[in-house]
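Asker: Below is the structure I would like to discuss, written out as structure tokens.
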Amino acid sequence: MNKVSLKKIKEILSMPLNDLIFKAQTVHKSSFPKLDIQLASLLSIKTGSCPEDCKYCPQSAHYNVDLKKEKLINIELVEQAAIRAKKNGADRFCMGAAWKKLNNGKDLDLIIKMIKAVKSLDLEACVTLGSITKEQALTLKEAGLDAYNHNIDTSPEFYKEIISTRSFDERLETIQNVQEAGISVCSGGIIGMGESWHDRAKMLEVLANLTPQPESIPINSLVPVRGTPLENRDKVDSLEMVRIIASTRIIAPNSRIRLSAGRKDLSKEAQLLCFVVGANSIFYGDTLLTTENNDMLNDKDLIAQYNNHHKDILNSKGL
Ligand code: SF4
């Protein structure tokens, strides 16, 4: 029996925005009293030529996209990027490889070295490498890995419309392998691929009923990329993002909710509203694997405005 029912999720998703914002903020302040925002830096360690056919993804080998492909990069490049991320104030360093699955041998060996290099800088290490086995998950855990990203993307039913080269159940299998190895799960989805509100609710139902719930839940809005089958989809309305993030906060009170791809298209005010209703992690850096991300200085300014007293007002005097 599911802990959080579909009916309940639909009730939350459909609340008047005013009530939804209030409820989500109440849950958020009680679960994360410091209201801190985690800064995650993301590096693509192997880019493009992916055998999967995810319709939203410029890295798929199935589509003709203008993208600079790259083989697995060397350890020095990872170290340099991690040092830069640390200097810029990142908490977590995420590495993504466009693979169907992780291969044992030289790929796995290099990934282990990369994780160790990131951990030696006192950064949290997260990777996303496609499907992994139980044994591989245990090996990554031993190397010091904190989190593994494996998004479910959408509802089990709509998944088939978006990806044909793997099944939703295979996704869940890797998530289970990661959980059993004692690694935190980072898993979320994408809004704006043509899914219905029913699909969105079903996606949240799957995430909410993972045991334990994911440590982080990235909520992405589709960035339509020319050459991919979803290139002509409309951008997601910012208040739909707010509604989904607020609902996710209520049903997964202790997860870090990451406002991820598509953030660049949100106004400062829309991003702040997402923080207010429970988003408390962002990807921080100029690129997001292959699409453009927000400017780091603007991000620092935005977070300061969200969290700090306004010193000019505090110190202001009358004439
Ligand atoms: S989303 Fe990941 S698995 Fe799918 S095509 Fe892109 S890189 Fe490959």
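The values are calculated or read from the model by the stated rules, or taken from the named source; none is laboratory data. Note that this is a predicted model, so its numbers are computed, not measured. Note: ideal-geometry Cβ built from the backbone for every residue, glycine included; neighbour counts use all protein chains shown. These accessible areas exclude ligands, DNA and RNA; they are computed on the full protein's heavy atoms, side chains included. Shrake-Rupley method; radii C 1.70, N 1.55, O 1.52, S 1.80 Å.
Asker: In contact with a helix residue (DSSP H, G or I) (Cβ under 9 Å, 6 or more places away or on another chain) and touching a residue at least 60 places away in the same chain (Cβ under 8 Å): is that true of residue 25 in this structure?
Answerer: When the stated conditions are applied, residue 25 passes them.
Asker: Next up: Of the residues 282, 250, only one is closer than 27 Å to residue 210 by Cα and at pLDDT below 95; which?
Answerer: After ruling out the rest, the residue left standing is 282.
Asker: Among all residue pairs at least 6 apart or on different chains, which show Cβ distances below 6 Å where the first residue, located in the stretch 132-159, is at positive phi and the second is away from the ligand (no atom under 13 Å from the Cβ) and open to solvent by 10 Å² or more (accessible area, probe 1.4 Å)?
Answerer: 144/119
Asker: Right, another one. Among the residues of the stretch 160-188, which ones are within 12 Å of the ligand (Cβ to nearest atom) and closer than 21 Å to residue 258 by Cα?
Answerer: 171, 174
Asker: Also: Being in contact (Cβ under 8 Å) with a residue 24 or more places away in the chain and closer than 17 Å to residue 146 by Cβ, is that true of even one residue in the stretch 65-75?
Answerer: For the stretch 65-75, residues in contact (Cβ under 8 Å) with a residue 24 or more places away in the chain and closer than 17 Å to residue 146 by Cβ: absent.
Yes or no, residue by residue, for (1) open to solvent by less than 40 Å² (accessible area, probe 1.4 Å); (2) away from the ligand (no atom under 16 Å from the Cβ); (3) assigned to a loop (DSSP other than H, G, I, E, B); (4) more than 19 Å from residue 129 (Cβ to Cβ):
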position	(1), (2), (3), (4)
39	yes, yes, no, yes
43	yes, no, no, no
54	yes, no, yes, no
63	no, no, yes, yes
73	yes, no, yes, no
76	no, yes, no, yes
84	no, yes, no, yes
90	yes, yes, yes, yes
95	yes, no, no, no
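Asker: Among the residues in the stretch 139-148, are any assigned to a loop (DSSP other than H, G, I, E, B), within 16 Å of the ligand (Cβ to nearest atom), crowded, with 17+ Cβ neighbours inside 10 Å and not hydrophobic (A, V, I, L, M, F, W, C)?
Answerer: Checked against the condition, which is being assigned to a loop (DSSP other than H, G, I, E, B), within 16 Å of the ligand (Cβ to nearest atom), crowded, with 17+ Cβ neighbours inside 10 Å and not hydrophobic (A, V, I, L, M, F, W, C), the stretch 139-148 yields no hits at all.
Asker: What do you reckon, is residue 116 away from the ligand (no atom under 16 Å from the Cβ), surrounded by fewer than 20 Cβ atoms within 10 Å (Cβ to Cβ) and within 23 Å of residue 38 (Cβ to Cβ)?
Answerer: It is true that residue 116 is away from the ligand (no atom under 16 Å from the Cβ), surrounded by fewer than 20 Cβ atoms within 10 Å (Cβ to Cβ) and within 23 Å of residue 38 (Cβ to Cβ).
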